[in-house]
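Please read the structure below before turning to the comments.
Since every read-out is calculated from the coordinates, none of them should be taken as a lab result. No experiment lies behind these values; they were computed from the predicted model shown. Don't worry about glycine lacking a Cβ; one is built from the backbone with ideal geometry, like all the others, and counts go over all protein chains shown.
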Amino acid sequence: MVRWCRKESPALAFLLGLCGGVAAVLKPEFMLAGGVLGIAGCLVRRGQGRWPGVTECALILAGVALPTLGCAAWLARAESWRAALVDSCQAWWLVLVSQRDPGLVRQPLFSGFDNPWRNAGLELQAAFHAIVLIGAVWAAGWFVNRSWGRILRWGLALAALAVAGSIPIVKDMGRCLPGLMAIVFGIVAARLGRELRQNGRVERRTLMALALVLLAGTMLARMILRARIDHFGFYQAAFAGMTAAAVMVSEVPRWTGAGLWGRRLTALAGLAALGMGCASIAAQSARIRADQTQPVAAGRDRFYAFDPAVDQTGFRLVQRLCHRA
C-alpha cells in the first residue's frame with residue numbers, strides 16, 4: 001500500500017487488490033482492515049494529484065475477486081458451483097446479509113455494547129492513564145534536554161519518571177488501545193496534511209505510520225468498547241500493541257529535542273514501561289494456566305485440565321474421553 005501510494009504501478013495495484021481479496025475469505029475484521037487500507041491508499045493518491053487509472057482499478061478488482069473464485073473452484077470439486085460460490089462468500093455474507101451466525105448473538109458482549117456507557121468510561125479512563133504515562137516519559141527526556149542547571153534538569157526528570165511509575169497502566173493495557181490509536185491517527189493525519197500542503201506528496205515514513213495505525217485501529221473494531229489483550233483479543237490487538245510500542249520508543253523520543261541524553265532517557269523509560277507490562281501479563285498468564293496442571297490418564301498421552309476443586313467440567317470431560325479411548 002505504501003509503495004503503491006508513492007508511484008503508479010499496475011503490479012502493485014494487483015497485489016493490493018489481492019490482499020483485499022484474501023481478507024474477504026477470512027474474517028470480517030480482516031475484511032474491514034483491508035478495505036480501510038485500500039480506501040486510504042486511493043485517497044492519498046488523490047491527495048497527491050494522481051487518481052488510480054483505469055488499468056490499476058481493473059487490476060485491483062481482479063485481485064479482489066481472484067481469491068474468492070479460487071476458493072469456489074476448489075470447493076466445486078465436491079459441490080455445485082452455486083454452492084461453492086455461496087460457501088466462499090460466507091465470511092461477509094453472514095455478517096452483512098444473512099446474520100444467522102450463532103456467534104453474532106454474543107457479539108454485543110464481545111464488543112462491549114452490552115454495557116456501552118460503562119465500557120466507554122473505562123476505556124476513557126485507561127486512555128487517560130496511558131497519556132499521562134507517555135507524557136511523563138516524554139517530560140523526563142524533555143527536562144534533560146533543556147539548558148537549565150544539571151541538578152534541576154535531572155531532578156525534574158526523576159520526578160517525571162516517578163509519576164510514570166505510579167500510573168496503574170498494566171491492568172488497563174488492553175482498554176487503553178482504542179484511545180491511543182485515535183490519538184496517534186490524529187497526529188499522523190495532521191503530519192500527512194502538512195506534507196501535502198508543503199510538498200504535494202507524502203513521505204514514506206508518514207505513509208507507513210498511517211498504514212500501521214489504520215490497520216491497528218480497524219483490527220480493534222470488533223471489540224471497540226471492550227478492547228483486551230487476553231483470550232480472543234490477543235491477536236486482534238497485536239497491531240495496536242505494536243503501534244503503541246513503536247510510538248513510545250521511536251516517536252516520543254524525537255519530541256524531546258535534539259539532545260542525545262534526553263532522547264535516550266525517554267527511549268529507555270519507554271522500553272522499561274513496556275517490559276514491566278509484558279512481565280505482568282506473563283505472570284498473570286502463568287497464574288491462570290497454573291490451574292490447568294492436573295494430569296488426566298496415564299502413559300505417553302497426557303491431558304491437562306482444571307483442578308476439580310476449581311472447575312470439575314474439564315476434568316470430567318477429559319476423563320470420559322480417556323475412558324472412551
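Treating r as the C-beta distance of D230 and A65 and R0 as 25 Å, the FRET efficiency rounds to 0.10. Extension gain for Q90-R46 works out to 12.6 nm (0.36 nm per residue, less the C-alpha to C-alpha distance). Rounded to the nearest whole Hz, the Karplus-based 3J(HN,Hα) values (6.51 cos²θ - 1.76 cosθ + 1.60, θ = phi - 60°) of the range 277-290 follow the sequence x, 5, 5, 5, 5, 4, 5, 5, 4, 5, 5, 5, 6, 4, with x at glycine and proline.
Once you divide the Cα radius of gyration of the range 142-221 by 2.2 N^0.38 Å, the number left is 1.52.
Between the amide H of E8 and any residue lying 5 or more places away or on another chain, no distance stays under 5 Å, with hydrogens modeled in the peptide plane. 3J(HN,Hα) along the range 186-199, derived from phi through the Karplus expression 6.51 cos²θ - 1.76 cosθ + 1.60 where θ = phi - 60°, amounts to x, 5, 5, 5, 5, 5, 4, x, 5, 5, 5, 5, 7, 10 Hz, with x in place of Gly and Pro. Annotation for R254 and A159: the two label points, set 7 Å from Cα along the Cα-Cβ direction, are 3.0 nm apart.
Size check on the range 1-100: the Cα extents along the three principal axes, sorted descending, read 47, 26, 17 Å.
With both labels modelled 7 Å from their Cα along Cα-to-Cβ, the L124 to R191 distance reads 2.8 nm. Across the range 43-59, rounded Karplus estimates of 3J(HN,Hα) from the backbone phi angles (6.51 cos²θ - 1.76 cosθ + 1.60, θ = phi - 60°) give 5, 5, 4, 5, x, 8, x, 9, 5, x, x, 4, 4, 5, 4, 5, 5 Hz, Gly and Pro being marked x. Compactness ratio for the range 1-43: Cα radius of gyration over 2.2 N^0.38 Å (N = residue count) comes to 1.12.
How much length is gained if the chain between E8 and A83 is pulled fully straight, taking 0.36 nm per residue apart and subtracting their Cα-Cα distance, in nm to one decimal?
Difference between extended and current length: 23.2 nm.
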